[in-house]
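Colleague: First the structure, which I've put down as structure tokens, then a few questions once you've had a look.
The values are calculated or read from the model by the stated rules, or taken from the named source; none is laboratory data. Owing to the predicted nature of the structure, the values given are computational and were not obtained by experimental measurement. Glycine gets a Cβ as well: all are built from the backbone with ideal geometry, and neighbour counts include every protein chain shown. Calculation scope for accessible area: heavy atoms of the full protein, side chains included, ligands and nucleic acids excluded. Shrake-Rupley method; radii C 1.70, N 1.55, O 1.52, S 1.80 Å.
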Amino acid sequence: AFCISTANSSAISGLKFQKTIEHANLNELSISDFEELLRSSGVRFHRKKAVFIEEGINNFDNILNYLDSSEARDKLVRNLRGFGLKEASHFLRNIGRKDIAIIDRHIIRYLAKENHITEPSRVSSKVYIDCESALREVAAKRGMSPAELDLWLWYGETGKVLK
């Protein structure tokens, strides 16, 4: 729910939303409840995201089954509406996967500034994977995991560690 809420919104809005549902029984919340909680937290596209979150809750057992797979991210992207590569990577990194980074504008800006990539005008799946590959190389040279480098770059860019 947190990762879906942050897509095209801010991490701060996503955290506000997360706080509203932390102690709730998610199975008892309706789509309209999620819509209102997302909207009041400042999350963009709250109607669509409410639907995606409810679908994710209803398919949670399937999601758990994907996590043991080496293709976990691809399975999440294919089978969970609201999850693209970035959101699936965000989810997997937040549950402890260190081999994954969240390729966002901060990472892309860094990679372009350091001449590892040419800054793209649009981030397609291919561009996302290419950026991730470049970040993996940088992380390996620094003796870090992609997740550690991701967090280090995020902190350097924003001055914050949110999760």
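Colleague: What is the Cα convex hull volume of the chain when expressed per residue in Å³?
Modeller: Spread over its residues, the Cα hull of the chain gives 115 Å³ apiece.
Colleague: Right, something else. Could you report the chain's accessible area per residue, 1.4 Å probe, as an integer in Å²?
Modeller: With the other protein chains kept in place, the chain gives 58 Å² per residue.
Colleague: Choose one answer from SER70, SER89, SER30: the residue with the largest mean-square fluctuation in a GNM of the chain with alpha-carbon springs under 10 Å.
Modeller: Looking only at SER70, SER89, SER30, the biggest GNM fluctuation is shown by SER70.
Colleague: Please compute the modelled spin-label separation between HIS116 and GLU22, points set 7 Å along Cα→Cβ, answer in nm with one decimal.
Modeller: Going by the 7 Å Cα→Cβ label model, 3.3 nm.
Colleague: Could you point to the residue in SER145, ASN79, HIS116 farthest towards the positive end of the chain's charge dipole, with +1 and -1 charges on the Cβ of Lys/Arg and Asp/Glu respectively?
Modeller: So the residue we want is HIS116.
Colleague: Using a simple spin-label model with points 7 Å from Cα along the Cα→Cβ vector, what separation in nm is obtained for MET144 and ASN94?
Modeller: It is 2.1 nm.
Colleague: Which of GLN18, ILE53, LEU135 sits farthest toward the positive end of the charge dipole of the chain, with +1 on the Cβ of Lys and Arg and -1 on the Cβ of Asp and Glu?
Modeller: LEU135
Colleague: Full-extension gain between ARG44 and ILE57, please, as 0.36 nm times their residue separation minus the C-alpha to C-alpha distance. Walk me through the intermediate numbers first.
Modeller: Numbers: separation 13, 0.36 × 13 = 4.68 nm, distance 1.99 nm.
That works out to 2.7 nm of additional length.
Colleague: Related question: On the first, second and third principal axes, largest extent first, how far apart are the outermost C-alpha atoms of the range 36-119 in Å?
Modeller: 43, 34, 20
Colleague: Using each residue's phi in the range 35-50, evaluate 6.51 cos²θ - 1.76 cosθ + 1.60 at θ = phi - 60° and report the 3J(HN,Hα) Karplus result to the nearest Hz, with x for Gly and Pro.
Modeller: 4, 5, 5, 5, 4, 5, 8, x, 7, 6, 6, 4, 5, 5, 5, 4
Colleague: Expressed as a rounded percentage, what relative contact order does the chain have, with Cα pairs under 8 Å and six or more residues apart?
Modeller: Computed value for the chain: 17 percent relative contact order.
Colleague: With only Lys, Arg, Asp and Glu charged, each at its Cβ (+1 for the first two, -1 for the last two), find how big the charge dipole of the chain is about the Cα centre; round to the nearest 20 debye.
Modeller: Working: 25 positive and 22 negative charges, 101 e Å.
Once rounded to the nearest 20, the dipole reads 480 debye.
Colleague: Report, to the nearest whole %, how much of the accessible area of the range 15-126 belongs to carbon and sulfur atoms, 1.4 Å probe, protein only.
Modeller: Of all accessible area on the range 15-126, carbon and sulfur atoms account for 46 percent.
Colleague: For the chain, how many pairs of lysine residues have a Cα-Cα distance under 16 Å, where the two are 8 or more positions apart or belong to different chains?
Modeller: Lysine pairs meeting the criterion: 10.
Colleague: So, one more: Using a/c under 1.5 as the rounded threshold, could you call the range 87-163 rounded, prolate or oblate? The axes a ≥ b ≥ c are square roots of the C-alpha gyration tensor eigenvalues, and prolate needs a/b larger than b/c, oblate otherwise. Working shown, then result.
Modeller: Working: a/c = 1.36, a/b = 1.26, b/c = 1.08.
Rounded is the answer for the range 87-163, as its axis ratio a/c remains below 1.5.
Colleague: Using a Förster distance of 35 Å, how high is the FRET efficiency between LYS126 and TRP152, based on the Cβ-Cβ distance and rounded to 0.05?
Modeller: Details: r = 26 Å, r/R0 = 0.73.
Efficiency for this residue pair is about 0.85.
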